[in-house]
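Asks: The following block contains the structure, expressed as structure tokens.
Derivation of every value follows stated rules applied to the coordinates shown; laboratory data play no part. Source: prediction; values computed, not measured. Here the Cβ positions follow ideal geometry from the backbone for every residue, glycine too, while neighbour counts run over all protein chains shown.
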Amino acid sequence: LDDDPTVRTNCQGVELAPHRLAYLEYEGPISGNRGSVRRVDAGVFAWRWREVERLEISFSGRHLQGSWRFTLNPLDQRWSLEKLTDDSAIR
């Protein structure tokens with residue numbers, strides 16, 4: 001993400017390659033001097049809407065709360081994230 005979604009209600013990000021589930025709870029260096037990982041939140045999510053280029057997800061984490069719309073821009077493969085009100089989320 002280009003910004004902290006708990007501070008900004010609109011931001012952009014890129015999809016990362018799939019990673020091992022161990023990284024959901026791991027913090028520290030990655031082997032081969034490839035950097036490090038840091039856990040920024042924990043909680044649960046629920047799919048509200050799921051298509052190839054558009055997702056709506058509800059988060060219930062320690063920091064991130066509420067519903068978000070993720071929309072893929074096919075030209076640059078970047079995702080835009082938009083915070084939704086409960087009324088604007090697709091049901």
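Asks: What is the sum of charges around Leu16, taking Lys and Arg as +1, Asp and Glu as -1, for the other residues whose C-beta is under 13 Å from the C-beta of Leu16? The partial results should precede the final answer.
Replies: Values: positive: Arg20, Arg34, Arg78; negative: Glu15.
That works out to +2.
Asks: Then there's this: Counting only other residues whose beta carbon sits under 11 Å from that of Asp41, what net charge do I get with K and R as +1, D and E as -1? Could the numbers behind the result be given before it?
Replies: Values: positive: Arg38, Arg39, Arg62; negative: Asp4.
Neighbour charge sum, excluding Asp41 itself: +2.
Asks: If you don't mind, there's one more thing I want to ask. So if each residue of separation counts as 0.36 nm, and I subtract the Cα-Cα distance between Val52 and Arg78, what length gain in nm does that give?
Replies: 8.0 nm
Asks: Between beta-carbons, use under 14 Å as the cut-off and find the net charge around Val7, counting Lys and Arg +1, Asp and Glu -1.
Replies: Values: positive: Arg8, Lys83; negative: Asp2, Asp3, Asp4, Asp41.
With Lys, Arg at +1 and Asp, Glu at -1, the net is -2.
Asks: Separate question: I need to check one value: relative contact order of the chain, counting alpha carbon pairs closer than 8 Å and at least 6 residues apart, in percent. It would help to have the intermediate numbers written out before the result.
Replies: Working: 155 pairs, mean separation 22.9, N = 91.
Averaging sequence separation for qualifying contacts and normalising by length gives 25 percent for the chain.
Asks: Ok, one more. For Leu16, Leu81, Leu1, which order do you get if you count the other beta carbons within 10 Å of each Cβ and list the fewest first?
Replies: Fewest to most other Cβ atoms nearby, the residues stand as Leu16, Leu1, Leu81.
Asks: Still on this structure: List Arg39, Arg78, Arg69 from most exposed to least, where exposure is judged by having the fewest other Cβ atoms within 10 Å.
Replies: Numbers: Arg39 10, Arg78 14, Arg69 20.
Ascending Cβ contact count within 10 Å gives the list Arg39, Arg78, Arg69.
Asks: Taking neighbour counts of Cβ atoms within 10 Å as a proxy for exposure, in what order, fewest first, do Ser80, Ser58 appear? Can you show the working numbers first?
Replies: Working: Ser80 13, Ser58 16.
Fewest-to-most Cβ neighbours within 10 Å comes out as Ser80, Ser58.
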